[in-house]
Every structure is written in structure tokens, then in C-alpha cells.
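Here is the structure we will look at.
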Amino acid sequence: MMMARDGVPEGHAVELPGRGLTWIHEAPGPRGAPVLLLLHGLGATAALNWHAVFEPLARSYRVIAIDHCGHGRGLRPQSRFRLAGCADDAAALLSVLDVDRVIAVGYSMGGPIAQLLWHRHRHRVAGLVLCATARNFRGRPRAALTDRLVPALIVPGLALGAELVPAALRRGVLRRILGSRLDGEALDWVASELDGHAPRAVLEAAAAVARFNSAGWIGSVDVPTAVVVTEHDDLVSPAAQRKLAQSIPGATIHPVDGDHAACAYRQREFTDGLLAACDSVARRSGMRDRFAFAPNVLDRRLIDRIRVIAAINRFAARFRSQSRWRASGRLWNQS
């Protein structure tokens, strides 16, 4: 059973025609706001990866976050896990929700998915925000990378154990791993999110991340892009993250003082960096200019109306004063 968590919008199932039932969390944001599509990392879920940023992002954006195939309550795998399949799932979700274009925000494994969403469905992507990710993950031998990705990426361990060990034992191991960082209620919530994982799909996802390489085409990205660099990352090196930014024309870099789990354990720093990155992309893409939701726009319009009303009141007061003066002058002459 999935548990609720403060700050995370209530999730709901969405049927993707021909693909199956997936799970999303959605925050509506201001009316007409630009849309952010949040794509989580390996071993996580939308709620686990993004729980700290739903509320701050939703002040300025409509926010949609999807559980990827084999993760949480995402699509149940019908075949081998593919990053391109996750990108296609995201595009299908946008069609169902009748969303035209989004800023795709990817964390770690979500970075390749965001890149592929642009590569395969360019008409859907107005901008990219790439966090703690790279063009490829070949800085270490593939087997070693896969070994580290499975237990270490975003959510510690036991993503693979969701169907292999009893729930009580699994949660006991989680407490030993995370007990110093999370209280009992939070640990229960993490475990409830991991309960939905399909172990084979998570293993296949780790292998897919190890094989991924966008170096041959990432330089052709033609939408505004920002790269959020986790400066103390020992899983995806900051150098690889910066190389990603340098490969994309005009990409901005937004450093975060944290490691690969900054989204969970350095929440304030990550939130600040992510907000700056999203605002930069929204501004450069022109999405802010097309929507009249921005507070400064509303403030200017309100101020203009107040000024017009004040001018009318001043004119009316002056007219009344002149009318009284003229009337008093006529009475003086008559006397």
C-alpha cells in the first residue's frame, strides 16, 4: 500500500493507450503556467525523487511527475526495459493530458530520458533541465557502473528486493541503511514507494543507463537548456555533468553543493538550484512571455489600473472644487 507524504500531490493512475496503466503526481500551478515534466532517477519513484520540490515549483509552474516503467506504480514491463520506451511513455502521457509542450526535467537516469524525449519527440519539448546526469556514463567500466547504480542511485538499495524478500525483512534492512537519516515514518514511506518496483526492470534499467550515449547528437539540441551540477557527486562526476552542459549550445550551469542524492539530503540547496535552472529555461524559451501568470506582470497591470482610477478621482475632485468655487462666486455677486 502506498502511503501519503507531506508536500507530494496525491497520485493517480493514467491509462496510456496501447501501453497500459501508469502513475503520476500532478500539481496544477497558476492558471496557464508553463508545464514541467519531472523524470526521476533509477531505483526511485516520482514521489521519492521530487518530494521536496513539488510545492516550490508549483508556485510558478504546472508540475507533472511520472513513475517510469517498472518503478513504483509505473507501467508494468511487457518486454525489456528501454530508456527510449520511457521517453515514448512520457510523450504518450502528454497526449493523454492534452499538453502541447513541456520543459523536461530529468534527474540522473531521468536525464537520458529527457534527452531522448527531445530526440524522439522534438515538438513536445520547449526546454531541458538536466540534473546530476551526463551524455554517457562511461567514466568507469560498465560492470562496475552497473554494480554501483543498482544500490546507490537516488534511493539506497533494496529497489531490487521489493519482490524477493519479505516486507518486514526489507524494511529492517532499510532501517539499518537509512536509520541515521530518516525517522520511522519516513522510512515506512520510502519502503511503501519501493514496494511497487519490478526487480528485473530495475536491473535492466541500470544496464540501459550504462549503455546510454548521446554524445553523437546532443550538440544538436536546439531548445534552451540548463544543467544542474551536483558538485560532490561520486557516481556521475561533476566533470561529466559539465561536459554535458558544454556540449549543448547556450546551456547554463547551476551548481548545487551536494552529492548524487542531493534531491533527498540537500533539499534546500537542490531546490534553489533547480528553481534557478527552470526559471532560466522558461525565460529563454519564451514560455513566461506567452502566459500572463507571472506575479510581476499582474502587479504591473494592477498598478496601472490603480493609477487610472486615481487620475479619475483627482479629476472628479478638481471638477467638484471648481463647481463649488463658481457657485460661491455667483452668490457673492448677487449679494
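Coordinate-derived values only; no laboratory data. Bear in mind that the values here come from a model prediction, so they are computed numbers and not experimental data. A quick note on method: Cβ atoms are made from the backbone with ideal geometry, for glycine too, and the neighbour counts reach across all protein chains shown.
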At what distance in nm do the modelled label points of TRP217 and ALA84 sit from each other, each positioned 7 Å from its Cα along Cα→Cβ? 0.8 nm
Quick query: amide H of LEU235 versus all other amide H atoms, modeled in the peptide plane; which residues come in under 5 Å with a sequence gap of 5 or more or a different chain? HIS260
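Sort 29-41, 100-112, 234-246, 260-272 by packing, meaning the average of other beta carbons within 10 Å per residue, with the highest value first. Don't jump to the answer; show the numbers that get you there.
Values: 29-41: 22.6, 100-112: 27.6, 234-246: 18.0, 260-272: 19.6.
Those peptides, ordered most packed to least, come out 100-112, 29-41, 260-272, 234-246.
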Note on the stretch 1-136: alpha-carbon gyration tensor, axes a ≥ b ≥ c; rule is a/c under 1.5 for rounded, else prolate if a/b larger than b/c, else oblate; result rounded
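In a shell of Cβ-Cβ distance under 12 Å around VAL125, excluding VAL125 itself, what net charge do Lys and Arg (+1) and Asp and Glu (-1) give?
Neighbourhood net charge equals +2.
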Cα centroids of the stretch 205-232 and the stretch 104-125: how far apart, whole angstrom? 9 Å
Footprinting exposure proxy for CYS86, CYS278 (fewest neighbouring C-beta atoms within 10 Å first): CYS278, CYS86
Using r as the Cβ-Cβ distance of ARG120 and ARG76, and R0 as 22 Å, what FRET efficiency do you calculate, to the nearest 0.05? 0.50
